[in-house]
Amino acid sequence: MRILVADDQPDVLLALRFLLKAEGFTIQTADHPAAILSSVRQSPPDLVLMDLNYTRDTTSGEEGLNTLAQLQQLDLRIPVIVMTAWGSVELAVEAMRRGATDFVMKPWDNDKLLSTLRRHLVVAPQPASRVAHDLDLARQVQAQLLPQRRPPLKTLEYDGHCRQAGAVGGDYFDFLELAPGRVGLLLADISGKGIAAALLMSNLQAALRSLAWQATRNLPLLLRTLNLQFLESTPPERFATLFFSDYDDATRVLRYANCGHNPPLLMRASGELEWLKATAPVIGLLDVFLPEVGETRLSPGDRLIIYSDGVTDARGPGADDLGDQGFADIVRLNPALSPEQLTAHIAALAPGDQFDDMTLVMALSV
């Protein structure tokens, strides 16, 4: 927290600097009204502690009162605590009328002064309208981070959708053009929810897009590099699950790595179900990271469904979670639904608020 201390007496400034720095505050100083206004305009502090009396007029407090009024005109909503050795009830009332947050008499009591400062340094919540506006902007930005195009393939039709539980979330899917006729289909889920998860999601997305060129040459190396970057740039309790696949249009082969993610559902044209289980740990948790790569071939009529745990953790028709098998049953019974329609269908199975982000990537071999 930064405090601007304003007084025309050097010994007062020195004493307050020592006192407040010892309590962990960052201190700026000013010795006349013009310096106060200049400092606030250039770098607004968290609080102003200012004298009311300066050299030109040492008893009336008029200089300080005028400065208060000018600070209010800046509309920065910074708490201002005033001090004076010539205080009176009338002067205190006038200071409060002109925008002072509190009033301290000189000579001050250190404990009382610190208590007053801490009381007014509590960060005030932003107005609800400002918070809503910021979240709406964040939602728009995050929507733009999702893929805006699908690289064309002759043998695979695919699409994805993310149905967020809040304004922003931690799920992410992408379609990456890795080479001519090679497309990366991927889905990631950041631990946690809300704004923190959304910020980490954008970090993961940027890293994946910058490393994607390695996928066709050395997918394990790509994942090891990604794990190291995420490990170094996130708190220890944060991690991400990830399913990364590389589909080759010419051979219909899907190479994949499942990093602790829900096992994607491969529904064969015959009706047989396969689950693409984990081949690596989650991203960003372990120093030693040794991913393996799986491989399968898609035949015409096969369907691949990659999903986040918000889908299978959603409530089913009863009181229990939908689960992998319940999700598979819904996919089988609704073959014509798009990812967006399918997530809406699952969300509608149980009343109440959606608890977690629901993300699907669906692909049909043709």
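The values are calculated or read from the model by the stated rules, or taken from the named source; none is laboratory data. Everything numeric here is computed off the predicted structure, so don't read it as measured data. Because the Cβ atoms are built from the backbone with ideal geometry, glycine has one as well, and the counts that use them run over all protein chains shown. All accessible areas refer to the heavy atoms of the entire protein, side chains included, with ligands and DNA or RNA removed. Shrake-Rupley method; radii C 1.70, N 1.55, O 1.52, S 1.80 Å.
Can you tell me the orientation of helix 62-74 relative to the chain, as the angle in degrees between its alpha-carbon axis and the longest Cα principal axis, to the nearest 10? That works out to roughly 20 degrees. For the range 272-350 versus the range 137-209, the spacing of their alpha-carbon centroids is 16 Å. Comparing Asn110, Asn227, Asn203 in a Gaussian network model of the chain (Cα springs below 10 Å), the most mobile by mean-square fluctuation is Asn110.
Rounded to the nearest 10 degrees, the inclination of helix 128-145 to the longest alpha-carbon principal axis of the chain is 40 degrees. Normalised by 2.2 N^0.38 Å, where N is the number of residues, the C-alpha radius of gyration of the range 197-253 stands at 1.25.
The reciprocal of the average 1/r between distinct C-alpha atoms defines the Kirkwood hydrodynamic radius, which for the range 158-314 equals 15.9 Å. Given a 1.4 Å probe and the protein chains as shown, Asp329 ends up with an accessible area of around 60 Å².
Here Ala138 and Asp11 are evaluated by their C-beta separation; at R0 = 41 Å the FRET efficiency comes out at 0.25. Straight-line cross-link reach from Lys277 at under 26 Å between alpha-carbon atoms covers these lysines, not counting any fewer than eight positions away in the same chain: Lys193. So, how do all the Cα-to-Cα distances of the range 259-366 break down into 10 Å bins, in percent, from 0 on up? Whole-percent P(r) values from 0 Å outward: 13, 42, 31, 13, 1.
For the Cα atoms of the chain, what angle does the longest principal axis make with the long axis of helix 194-211, in degrees from 0 to 90, nearest 10? So the helix axis and the longest Cα principal axis differ by about 60 degrees. The heavy atoms of Glu272 offer some 100 square angstrom of accessible surface to a 1.4 angstrom probe. For the options Ile283, Ile36, Ile190, a Gaussian network treatment of the chain with springs between C-alpha atoms closer than 10 Å singles out Ile36 as fluctuating the most. Of the beta bridges in the chain, as assigned by DSSP with both residues counted there, near 75 percent are antiparallel. By the helix-only formula, in which each DSSP H run with n ≥ 4 contributes -39500 (n - 2.57) and the sum is divided by residues, the chain has a 222 nm mean residue ellipticity of -11000 deg cm²/dmol.
Calculated translational diffusion coefficient of the range 159-202 (37 °C, 0.692 mPa s; Stokes-Einstein with Kirkwood radius over alpha-carbon pairs) equals 287 µm²/s. At the listed q of 0.08, 0.09, 0.12 Å⁻¹, the Debye profile of the chain, built from one uniform point per Cα, gives log10 I(q)/I(0) equal to -0.59, -0.66, -0.84. Structure remark: mean-square fluctuation, Gaussian network model of the chain, C-alpha springs under 10 Å; the largest value among Gln73, Gln140, Gln205 belongs to Gln73. Bridging of Lys106 to lysines at a Cα separation below 28 Å is possible for Lys21, once same-chain residues fewer than 8 apart are set aside. Of Leu14, Leu145, the residue with the largest accessible area leads and the full order is Leu14, Leu145 (1.4 Å probe).
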